[in-house]
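First comes the structure, then the notes that go with it.
The values are calculated or read from the model by the stated rules, or taken from the named source; none is laboratory data. Everything quoted here is computed from the prediction, not taken from an experiment. Here the Cβ is made from the backbone with ideal geometry for all residues, glycine too, and neighbour counts use every protein chain on show.
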Amino acid sequence: MAIILPNILSLLQHIGALRKEPESYRPKSCPGCRHATVWCHGCYTRKADESNTLNPVPIPRFYCPECDSTCSVLPECIPPRSWYLWKVRQIVFLLLLAGNSVGRTVAESGVRRQTVQRWWRRFQDCYSDYSFHLRNHFPWLGRQTEFTEFWAKCLASMPLSTAMRLLHEEGRSVP
Ligand SMILES: [Zn+2]
């Protein structure tokens, strides 16, 4: 199980925060059973930096003695299941939303074609689910907005990582 820590928007910020205030990563309670004390349980490492200068990136883990489970705490900038940071996906998403072709988006972003296509499909397939939950948080996103207008409005006000963190907290599976 992964918890996402808000407002850590870059790997440098994550590495600095983990060194200076590691306690800020400790969950207030176990995400599984809500037990109030979880123990530090080391770190695992993720390959998360495409320039490779900051890899391997440590991700702290915690153990709950009550339900015998572990959880990891990711900084907001790292998606739970992909090594491309949200900021890379945001670039891809904004290029596509602006009407660029997949080919052009691949050339501009350097991300593989299949990956770009997979993300784009996923965002389209999940639109009604994602937009429903995000509108509950932010009514100003409007009930009548269609896909492109909705996401353009949303991403003008917050990074993609924040929108995805909120969806993750609601139990939605994020791409
Ligand atoms: Zn527990």
**OP:** Mind listing just one residue for me: the one in segment 84-108 that is under 15 Å from the mean Cα position of the chain (by Cα) and either part of a loop (DSSP other than H, G, I, E, B) or of a type in the set (Ser, Thr, Tyr) (or both) and, of those, surrounded by the fewest Cβ atoms within 10 Å (Cβ to Cβ)?
**Re:** TYR84
Original post:
Do we have any residue at all in segment 39-58 that's within 16 Å of the ligand (Cβ to nearest atom) and among the small types (Gly, Ala, Ser)?
Top reply: no
**OP:** Go through the residues of segment 69-83 one by one and say whether even a single one is free of Cβ contacts under 8 Å to residues at least 24 places away in the same chain, surrounded by 12 or more Cβ atoms within 10 Å (Cβ to Cβ), within 21 Å of the chain's Cα centre (by Cα) and closer than 21 Å to ARG165 by Cα.
**Re:** no
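A quick yes/no check of all residues on (1) over 16 Å from ARG165 (Cα atoms); (2) in the same structural domain as ALA163 (by TED's automatic domain parsing); (3) assigned to a loop (DSSP other than H, G, I, E, B); (4) modelled with pLDDT under 95:
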| position | (1), (2), (3), (4) |
| --- | --- |
| LYS28 | yes, no, yes, yes |
| THR37 | yes, no, yes, yes |
| GLU50 | yes, no, yes, yes |
| ASN55 | yes, no, yes, yes |
| PRO60 | yes, no, no, no |
| CYS67 | yes, no, yes, no |
Subject >> From ARG34, ARG121, ARG113, ARG61, residue being of a type outside the set (Gly, Ala, Ser), under 21 Å from MET1 (Cβ atoms) and surrounded by fewer than 16 Cβ atoms within 10 Å (Cβ to Cβ) >> reply: ARG34
Original post:
TYR127 is checked against (1) surrounded by 18 or more Cβ atoms within 10 Å (Cβ to Cβ); (2) over 28 Å from ARG26 (Cα atoms) and fails just one. What number does that condition carry?
Top reply: (1)
Subject >> Candidate set: segment 151-175, residues that are among the small types (Gly, Ala, Ser) and assigned to a loop (DSSP other than H, G, I, E, B); chosen: the one surrounded by the fewest Cβ atoms within 10 Å (Cβ to Cβ) >> reply: GLY171
Subject >> Residue among VAL116, VAL111 that is closer than 25 Å to ASP49 by Cβ and in a loop (DSSP other than H, G, I, E, B) >> reply: VAL111
Subject >> Number of the condition not met by THR148 [criteria: (1) surrounded by 14 or more Cβ atoms within 10 Å (Cβ to Cβ); (2) farther than 21 Å from PRO80 by Cα; (3) in contact (Cβ under 8 Å) with a residue 12 or more places away in the chain] >> reply: (1)
